Amino acid sequence: MNSKTQAPDTVICNGKQFKILLHQDELQRRIAEMGAEISKNYKDKKPIFIGVLNGAFIFMADLLRYVDIPCEVDFYKLSSYGDEKVSSGMVTERKDIDADIAGRHIILVEDIVDTGLSANYIINIVEKKKPASVALVSLLHKPDAIKYHVDVDYVGFNIETLFVLGYGLDYAQEGRNLPHIYVIDEN
Ligand code: 5GP
């Protein structure tokens, strides 16, 4: 147990057991560093942060609180996993961005880059709208799972190719509210 949230070290979600991989304190320390680095690199550029829903909503909210420069926020909604633990290999667009991004500096915010399919798809869409620049920030990255080329400009943590849960990431829509990142416990 931890004092902040009472979240347990192991959880059962939809019948599967998960154990802590990244504690919320570790997440916050790293996200603070990322926010500071982005703030330094985008000083005077008034970037637009575009969060990729649903998974990025908690990370985006925390990251933005560590960004201390003028900026704007928008969201894009995609789904690629369905209710499974492996990517379906198909991306469905559910909500486009509202902002006019032509000539603007764009920072895409992802929860995790796994095969790279979603990030690759969104970057292509965003680039067609003629922004001044596009960068990608992802809390998690599974480098060994990559199948589609994508440059992740800011990575919180590189992790193994294992299914993770919590801090915005779900398993069949559950578990997004867990404060830590958990990994499937196959033992
Ligand atoms: P990709 O398109 O890179 O294969 O996967 C991107 C999306 O799949 C992520 O935004 C996330 O929603 C989902 N995803 C990828 N890996 C995981 C994982 O380990 N756990 C969960 N819960 N979702 C994942």
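The values are calculated or read from the model by the stated rules, or taken from the named source; none is laboratory data. Since this is a predicted model, take the numbers as computed values, not measurements. We place every Cβ from the backbone using ideal geometry, glycine too, and count neighbours over all the protein chains shown. Just the protein is used for accessible areas: all its heavy atoms, side chains included, with ligands, DNA and RNA removed. Shrake-Rupley method; radii C 1.70, N 1.55, O 1.52, S 1.80 Å.
Work through the residues other than Tyr167 whose Cβ is under 10 Å from its Cβ and net out their charges, Lys, Arg +1 and Asp, Glu -1.
In short, -1.
Roughly how many nanometres apart are two label points built 7 Å out from the Cα toward the Cβ at Glu186 and Asp44?
Going by the 7 Å Cα→Cβ label model, 5.2 nm.
For the stretch 29-187, what's the radius of gyration and Dmax over Cα atoms, in angstrom?
When restricted to Cα atoms, the stretch 29-187 yields Rg and Dmax of 15.0, 51 Å.
Helix-only mean residue ellipticity at 222 nm, the chain, DSSP H runs n ≥ 4 weighted -39,500 (n - 2.57), per residue, nearest 500. What is it? Don't skip to the end; give the middle numbers.
Details: 3 runs with 39 residues, N = 187.
Calculated from helices alone, the mean residue ellipticity at 222 nm is -6500 deg cm²/dmol.
With a 1.4 Å probe and every protein chain kept in, tell me what percent of the accessible surface of the chain is carbon plus sulfur. It would help to have the intermediate numbers written out before the result.
Values: 4530 of 9440 Å².
In the chain, the share of accessible area belonging to carbon and sulfur is 48 percent.
Once you sort the root eigenvalues of the Cα gyration tensor of the stretch 97-187 as a ≥ b ≥ c, which label holds: rounded (a/c under 1.5), prolate (a/b larger than b/c) or oblate (the other case)?
On the way: a/c = 2.56, a/b = 1.87, b/c = 1.37.
It is prolate, given that a/c is not under 1.5 and a/b is the larger ratio.
Starting from the 7 Å offset along Cα-to-Cβ, what nm value, one decimal, do you get for the label separation of Asp100 and Asp144?
Between Asp100 and Asp144, the simple spin-label model gives 4.8 nm.
Report the extension gain between Asp9 and Val91 in nm, rounded to one decimal, defined as 0.36 nm multiplied by the number of residues separating them, less their alpha carbon distance. Before the final figure, lay out each step's value.
Details: separation 82, 0.36 × 82 = 29.52 nm, distance 3.26 nm.
Length gained, Asp9 through Val91: 26.3 nm.
Can you flag which of Lys95/Lys130; Lys40/Lys130; Lys46/Lys130; Lys16/Lys77 are past 21 Å Cα-Cα? Present the calculation step by step, with values, prior to reporting the outcome.
Details: Lys95/Lys130 19 Å; Lys40/Lys130 24 Å; Lys46/Lys130 16 Å; Lys16/Lys77 27 Å.
Table pairs above 21 Å Cα-Cα are Lys40/Lys130; Lys16/Lys77.
Could you tell me what percent of the DSSP beta bridges with both partners in the chain are antiparallel, to the nearest 5? It would help to have the intermediate numbers written out before the result.
On the way: 15 of 37 bridges.
So the antiparallel bridges amount to about 40 percent of the total.
Amide H of Leu78 versus every other amide H placed in the peptide plane: which residues, excluding those fewer than 5 positions away on the same chain, fall under 5 Å?
For Leu78, whose amide H was placed from the backbone, the distant partners under 5 Å are Leu53, Asn54, Arg94.
Leaving out ligands and nucleic acids, note down the accessible area per residue over the chain with a 1.4 angstrom probe, in whole Å².
The answer is 50 Å² per residue.
About the Cα centre of the chain, how large is the charge dipole given +1 on each Lys and Arg Cβ and -1 on each Asp and Glu Cβ? Please answer in debye to the nearest 20.
380 debye
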